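The values are calculated or read from the model by the stated rules, or taken from the named source; none is laboratory data. For clarity, every value in this text was computed on a predicted model and none was experimentally measured. Cβ coordinates were reconstructed from backbone atoms using ideal geometry, including for glycine residues, and neighbour counts include every protein chain displayed. What goes into the accessible areas is simple: the full protein's heavy atoms, side chains included, and nothing from ligands, DNA or RNA. Shrake-Rupley method; radii C 1.70, N 1.55, O 1.52, S 1.80 Å.
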Amino acid sequence: MTTTQVTLVQIDNYGPWTVTPEPRREADLQTLQSRLYADISQFVGNRGGYTFFTRFDNMIAVTNGLDLADHALLQESVGNRYPVTLSFGVATDASPVRALADATKYVQDAGSAQDKNRQECLEGRVLEDDHRTDEDVQIAHFDVINATGQYTDELNAFDTFIEIEQGYAELMRHMRYAHESLSFFVGGDNIIVVCPELTEADYEEAVSHVEEAVDVELQVGAGRGTSAHDAGFAAKHALECCRANGTRVELDWE
């Protein structure tokens with residue numbers, strides 16, 4: 001049984017800040033967002049977690065292994081080095097979607113994303129060490145079959161981007177509503193999906209659905225672990241088995 005710990009990261013009062021006292025340069029905002037994401041990703045990653053940028057002003061992290069003190073330390077570090085602050089909601093559930101919903105509610109209950117009085121909210125609960133198992137996190141790593149040959153070496157860079165994003169968008173929707181999973185594009189043709197307890201048949205169904213819907217062929221390796229890092233590394237190895245064997249789905253635990 002999976003028990004995924006999800007943290008919603010939300011920049012406090014970010015929208016108003018970007019236009020106060022006057023609109024800020026877009027290049028400066030993009031630079032701040034990318035540096036902030038990199039710092040959060042490194043902090044969480046050093047503790048075995050994964051962080052995904054989503055809309056940048058809102059980020060989603062899988063934080064099994066991090067306690068509330070770790071979250072508070074990250075808030076303090078960002079507050080000391082950036083002109084913005086962060087609020088966190090933390091929750092756990094067998095379903096990553098439900099965990100994110102609970103984490104989101106913690107932040108929303110503390111105040112609006114554009115409420116200048118809400119600063120550095122830290123609410124929720126974590127998975128205690130004595131309740132952690134080797135199967136808490138299930139990660140699936142999808143990529144496009146022969147993306148280089150089909151797209152990168154054949155189309156211009158923007159048309160390639162459209163094709164890859166089309167596959168991602170369809171997979172993201174399908175995994176969210178059919179399998180209560182959270183999917184994130186992580187560059188190139190790679191998509192990482194945070195899953196509940198899914199089976200080989202579930203992954204076969206997802207791959208077939210995307211191919212039928214948008215004509216993008218995917219392969220996937222899935223892994224389990226105590227942390228996102230452990231599960232994700234196992235998923236990477238399973239994906240290499242897909243590439244070596246010419247298969248579409250490989251599970252690290254079978």
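Quick grid of which residues meet (1) closer than 25 Å to Arg125 by Cβ; (2) in contact with a Ser or Thr (Cβ under 6 Å, 6 or more places away or on another chain); (3) not in a loop (DSSP other than H, G, I, E, B):
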{"site": "Met1", "(1), (2), (3)": "yes, no, no"}
{"site": "Pro16", "(1), (2), (3)": "no, no, yes"}
{"site": "Glu22", "(1), (2), (3)": "no, no, no"}
{"site": "Gln33", "(1), (2), (3)": "no, no, yes"}
{"site": "Ile40", "(1), (2), (3)": "yes, yes, yes"}
{"site": "Arg47", "(1), (2), (3)": "yes, no, no"}
{"site": "Ile60", "(1), (2), (3)": "yes, yes, yes"}
Pair list, Cβ < 6 Å and 6+ apart or interchain, from the range 7-21 residues that are in contact (Cβ under 8 Å) with a residue 12 or more places away in the chain and of a type outside the set (Asp, Glu) to residues that are open to solvent by less than 20 Å² (accessible area, probe 1.4 Å) and part of a loop (DSSP other than H, G, I, E, B): Thr7/Thr63; Ile11/Val84
Top-ranked residue in the range 140-157 [being modelled with pLDDT of 95 or more and either in contact with a Lys or Arg (Cβ under 8 Å, 6 or more places away or on another chain) or aromatic (Phe, Trp, Tyr) (or both); ranked as surrounded by the fewest Cβ atoms within 10 Å (Cβ to Cβ)]: His141
Residue in the range 36-46 that is surrounded by the most Cβ atoms within 10 Å (Cβ to Cβ), counting only those that are touching a helix residue (DSSP H, G or I) at 6+ places or on another chain (Cβ under 8 Å) and without any contact (Cβ under 8 Å) to a residue 60 or more places away in the chain: Val44
Any hit, the range 177-191, residues being without any contact (Cβ under 8 Å) to a residue 24 or more places away in the chain, of a type outside the set (Gly, Ala, Ser) and part of a helix (DSSP H, G or I): yes
Looking only at the range 113-139, and only at residues there that are open to solvent by 70 Å² or more (accessible area, probe 1.4 Å) and either of a type in the set (S, T, N, Q) or assigned to a strand (DSSP E or B) (or both), the one that is modelled with the highest pLDDT: Glu123
Single condition Thr20 does not satisfy, out of (1) open to solvent by 60 Å² or more (accessible area, probe 1.4 Å); (2) farther than 30 Å from Thr226 by Cα; (3) modelled with pLDDT of 95 or more: (3)
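This table checks each residue for (1) touching a helix residue (DSSP H, G or I) at 6+ places or on another chain (Cβ under 9 Å); (2) open to solvent by less than 40 Å² (accessible area, probe 1.4 Å); (3) among the basic types (Lys, Arg).
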| residue | (1), (2), (3) |
| --- | --- |
| Ile60 | yes, yes, no |
| Asn64 | yes, yes, no |
| Leu68 | no, no, no |
| Leu74 | yes, yes, no |
| Thr85 | yes, yes, no |
| Phe88 | yes, yes, no |
| Ala99 | no, yes, no |
| Asp102 | no, no, no |
| Asp109 | no, no, no |
Residue satisfying condition, being more than 16 Å from the chain's Cα centre (by Cα) and not aliphatic (A, V, I, L, M), within set Thr63, Thr20, Thr54, Thr3: Thr20
